[in-house]
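Trainee: Take this structure, written in structure tokens, and hold onto it; I'll ask about it next.
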Amino acid sequence: MSDRYLVPDATQYRVEDIIKKSQFIVTLAHTPSVEEAKAFVAAVKAEFPDATHNCWAYQAGPPGTTAMVGMSDDGEPHGTAGKPMLNMLLHADVGEIAAVVTRYFGGTKLGTGGLVRAYSGMVKLGLETLPTREKITPVRFEVIIDYSAVTLFKRMLPDYEIKVLEESFGADAAFIVEMPKEHAERFSAAVVELTNGNALIDDITDA
């Protein structure tokens, strides 16, 4: 599982369309947990209480994972709304996302296939223009090295996308650094190699 992936960069993002006289509104949101996904669904349903249907699906983990998912057809024929919506979310390259498709019936029935296309199509429509950002899991390390290694140590930092949060110089040079979790193992190995095993490296992420 990657420690870096795309998530929605919007508290709420909405796109509308008319399909055979029915008004469809898709609302997407960043929902990092099942609780937040359920709260988002409840909020959209409360916003459109007079809608014919408020169908929904969510995927509250990294892209493609099915451990924290949910869906509802909300009165549409079984399997015509929630499931195709969830499938669209699972095949997107965005994680921690929930979608509610609100429908105001316009008098023309779409049929089973038409409903599947409408609900999955609305999620796809929203995903096509959804603002996203990269989610990175950061870790922090305290690194203590000999002065002779400082120049080479600082030179290697950009290779691991490292930010220096603190530095102090006493008997040795000490640094508090932060980096994406995916680089931590390689960074530690590189510091050990640079200092011939004389560095002190401590993971202080949860300290």
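The values are calculated or read from the model by the stated rules, or taken from the named source; none is laboratory data. The shown structure was predicted, so the numbers you read here are calculated from the model rather than taken from an experiment. Cβ placement follows ideal geometry from the backbone for every residue including glycine, while neighbour counts extend to all protein chains displayed. Heads up: the accessible areas ignore ligands, DNA and RNA and are worked out on the full protein's heavy atoms, side chains in. Shrake-Rupley method; radii C 1.70, N 1.55, O 1.52, S 1.80 Å.
Trainee: One residue is enough: does segment 1-12 have a residue meeting the conditions over 12 Å from ALA98 (Cβ atoms), among the small types (Gly, Ala, Ser) and without any contact (Cβ under 8 Å) to a residue 12 or more places away in the chain?
Mentor: no
Trainee: Check segment 89-108 and report whether any residue there is without any contact (Cβ under 8 Å) to a residue 60 or more places away in the chain and of a type in the set (Lys, Arg).
Mentor: The answer is no; no qualifying residue exists.
Trainee: With the structure loaded, tell me whether ALA171 is open to solvent by less than 20 Å² (accessible area, probe 1.4 Å) and either within 24 Å of PRO8 (Cβ to Cβ) or part of a loop (DSSP other than H, G, I, E, B) (or both) or whether it fails that test.
Mentor: Judged against the criteria, ALA171 is not a match.
Trainee: Now a separate question. How many residues are touching a strand residue (DSSP E or B) at 6+ places or on another chain (Cβ under 6 Å) and either touching a residue at least 60 places away in the same chain (Cβ under 8 Å) or under 16 Å from ASP146 (Cα atoms) (or both) when one looks only at segment 165-181?
Mentor: Summing the residues that are touching a strand residue (DSSP E or B) at 6+ places or on another chain (Cβ under 6 Å) and either touching a residue at least 60 places away in the same chain (Cβ under 8 Å) or under 16 Å from ASP146 (Cα atoms) (or both) in segment 165-181 gives 9.
Trainee: Looking only at segment 46-66, decide whether some residue is more than 30 Å from ASN198 (Cβ to Cβ), open to solvent by 60 Å² or more (accessible area, probe 1.4 Å), touching a helix residue (DSSP H, G or I) at 6+ places or on another chain (Cβ under 9 Å) and not β-branched (Val, Ile, Thr).
Mentor: Looking through segment 46-66, none of the residues is more than 30 Å from ASN198 (Cβ to Cβ), open to solvent by 60 Å² or more (accessible area, probe 1.4 Å), touching a helix residue (DSSP H, G or I) at 6+ places or on another chain (Cβ under 9 Å) and not β-branched (Val, Ile, Thr).
Trainee: Could you please find all residues in segment 146-174 being touching a Phe, Trp or Tyr at 6+ places or on another chain (Cβ under 9 Å), more than 17 Å from ARG186 (Cβ to Cβ) and of a type in the set (A, V, I, L, M)?
Mentor: VAL150, VAL164, LEU165, ALA173
Trainee: Return the residues of segment 106-152 that are assigned to a helix (DSSP H, G or I), under 30 Å from LEU165 (Cβ atoms) and open to solvent by 50 Å² or more (accessible area, probe 1.4 Å); say none if nothing qualifies. Spell out the reasoning first.
Mentor: At the first step, the residues of segment 106-152 found to be assigned to a helix (DSSP H, G or I) are 111-129, 147-152.
Those still in the list that are under 30 Å from LEU165 (Cβ atoms) too: 147-152.
Scanning segment 106-152 gives TYR147, SER148, THR151, LEU152.
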